[in-house]
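Notes follow once the structure below has been shown.
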Amino acid sequence: MYTNIDKVDQKTFDRIWKIVLEIGEQERHFNDLQARYRNMASVWLLATFSAIGFVISKTISIDVDQEILIAIIAAAGGIGIALLWVVDLLVYHRLLDSCFIEGLILEEQYPWLPPLRNNMMNTQRGEGVLFRVVGFYLGPIVLLTLISGGSLSYWLGHEHLTSAIICVAITVLLSGLSGYSIIAKTENTDAIEKRLEVSRASRE
């Protein structure tokens, strides 16, 4: 239950408020870094599609089959976005989570603090926003994998139908595995819940 801030000891208020301000600063820092990486991912995806469109338009003459070139560009685009996913969600988002969790714990320990983070969690039904952000990377990576494999399969199909069929199967498998891997490795709900449970248990 929310406690009237006027009843809080000034020394306690100053000490806790400094911690809250530092946590907020760290949260904004990591949020800013993540926003930059997502902008980079968006630009990378657009650049990949632009390059593919440029190849399809046949405005250049290169001694490489069009399908092979598209497959290479799409694969490179998918790998680039996957690397940004690693830095964004597997590194900086987990650092952000570490700060956010401590903020949640402080709000539970000191009811006079504004329940900002608890309200944020409530708007997302207690699940956070991570599972929604995952789609930002999952969609493009899976799509570019399918484009790359599909283009290569089409090229193989001209003379080697069996190889093309095998390539399609491998492409579908890789797309499924990459999607599953992104979801499984990104999800960090269990670690967050464990940290909160430990904190709550220590106060009982």
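FYI, it's all coordinate maths here, none of it is from the lab. These numbers come from a predicted model, not from an experiment. Here the Cβ is made from the backbone with ideal geometry for all residues, glycine too, and neighbour counts use every protein chain on show.
Couplings 3J(HN,Hα) for segment 85-99, derived from phi with the Karplus relation 6.51 cos²θ - 1.76 cosθ + 1.60 (θ = phi - 60°), are 4, 4, 5, 6, 8, 8, 10, 5, 5, 6, 5, 4, 4, 4, 5 Hz, where x marks Gly and Pro. Measuring spread by the Cα atoms of segment 138-191 yields a radius of gyration and Dmax of 14.1, 51 Å. Each of the peptides 42-53, 91-102 was scored by the mean count of other Cβ atoms within 10 Å over its residues; in descending order, highest first, they stand as 91-102, 42-53. Estimated from helical segments only, the mean residue ellipticity of the chain at 222 nm is -27500 deg cm²/dmol, where each DSSP H run of four or more residues counts as -39500 (n - 2.57).
In the chain, a dipole from Cβ-located charges (positive for Lys and Arg, negative for Asp and Glu) runs towards its positive end, and of Thr48, Pro111, Gly179 it is Pro111 whose Cα lies farthest in that direction. Please give the net charge around Val133, taking every other residue with its beta carbon less than 10 angstrom from that of Val133, where Lys and Arg add +1 and Asp and Glu add -1. Surrounding charge for Val133 is +1.
Using the Cβ-Cβ distance between Ser181 and His160 with R0 set to 30 Å, the FRET efficiency from 1/(1 + (r/R0)^6) comes to roughly 0.55. Mean sequence separation of contacting Cα pairs (under 8 Å, at least six apart), scaled by the length of the chain, corresponds to a relative contact order of 26 percent. Neighbours of Gly157 by Cβ distance under 14 Å: Lys/Arg scored +1, Asp/Glu scored -1, total -3.
Can you pull the semi-axes for the chain, root of five times each eigenvalue of the Cα gyration tensor, sorted largest first, whole Å?
Equivalent-ellipsoid dimensions as semi-axes: 49, 18, 10 Å.
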